[in-house]
Amino acid sequence: PSFLSLPEILKNAGYATMGFVSGGIWMHSFYGFNDGFDYYHLAEFYNPGMPERNAEYQNLFIKRYLKKNKKKNNFIFIHYFDVHSDAIRLPYDAPIPYDKYFTGNYTGTFNGSSGEAVASKYLASLNEKKIFLPKDQLDYVIALYDNGIAYMDKCIGDLFAILKDAGIYEDALIIVTADHGEAFQEHGYFIHGTP
């Protein structure tokens, strides 16, 4: 609470401050991430039936907001969570047709699960047991991640189109960043947050 956030600074300067975030608890207002926002929309999943499609649903909220507010000076914070291994089936699940961009019609044995552990929990279990995947399976996991990146790239392109349609793209300052990458056993581990 003692720190002045960028949204607070911009709000005090007359900007409309909007936050559109997804991905569970990490961006929850409990941690103060909503400080300074006029509107802060947090959704764990925009589409619970297909959580890997969150970005395109999030873009719909942004498009609706801009239809009503494109004349304002806006600060819009968008947090996409799609390229994560937290999917309910395979790690880094991407929707059709992105699910096959780099993986093709994989015929190997990797299925992303072992008993109750699926997706990121399964990859974490490989970390705990110090199990290294054979090259064909490792290549497949990396290709799944690349599928997810291709989907995210499309959604960011869609966001830019939304900004252009609203007539604000040319005057916008757009910053794209990420909070982490992923490990693919280069140092013995999968996912992130590992030693």
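Only the coordinates and a few stated rules stand behind these numbers; no lab work does. All of these numbers come straight from a predicted model, not from anything done at the bench. For neighbour counting, all protein chains shown are included, and Cβ atoms are generated from backbone atoms with ideal geometry for every residue, glycine included.
Charges at C-beta only: +1 for Lys and Arg, -1 for Asp and Glu. How large is the resulting dipole of the chain about its Cα centre, in Debye rounded to 20?
Once rounded to the nearest 20, the dipole reads 580 debye.
Hey, could you get me the Stokes-Einstein D for segment 91-195, Kirkwood radius over alpha-carbon pairs, 25 °C and 0.890 mPa s, rounded to whole µm² s⁻¹? Numbers along the way, then the final one.
Working: Rh = 15.7 Å.
My calculation gives 156 µm²/s for D.
Output the antiparallel fraction of DSSP beta bridges having both residues in the chain, as a percent to the nearest 5.
Expressed as a percentage, antiparallel bridges in the chain total about 25.
Among the chymotrypsin sites (Phe, Trp or Tyr not before Pro) in segment 82-158, which ones are in a DSSP loop with at most 14 other Cβ atoms within 10 Å of the Cβ? Mind listing them?
Counting only loop positions with at most 14 other Cβ atoms within 10 Å, the chymotrypsin sites (Phe, Trp or Tyr not before Pro) in segment 82-158 are Phe132.
How long, wide and thick is the chain, going by the Cα atoms along their three principal axes, in whole angstroms, largest first?
Computed over the Cα atoms, the extents are 56, 39, 28 Å.
Between Phe160 and His28, what is the spin-label point distance in nm, taking each point 7 Å from the Cα along the Cα→C-beta axis?
3.6
Within the chain, which is the longest segment that contains none of the GluC sites (Glu not before Pro) sitting in a DSSP loop with at most 12 other Cβ atoms within 10 Å?
Longest stretch, sites excluded: 1-115.
Over 22 Å apart: what share of the alpha carbon pairs of segment 53-142 falls there, rounded to a whole percent?
44
Restricting to DSSP H runs of at least four residues, report the calculated mean residue ellipticity at 222 nm for the chain, -39500 (n - 2.57) per run over all residues, nearest 500 deg cm²/dmol.
Working: 4 runs with 65 residues, N = 195.
It comes out at -11000 deg cm²/dmol, rounded to the nearest 500.
Tell me which DSSP H helices of the chain clear both cut-offs, 15 Å or more of axial length from alpha-carbon atoms and a mean Kyte-Doolittle hydropathy of at least -0.5.
Those that clear 15 Å and a mean of -0.5 are 135-165.
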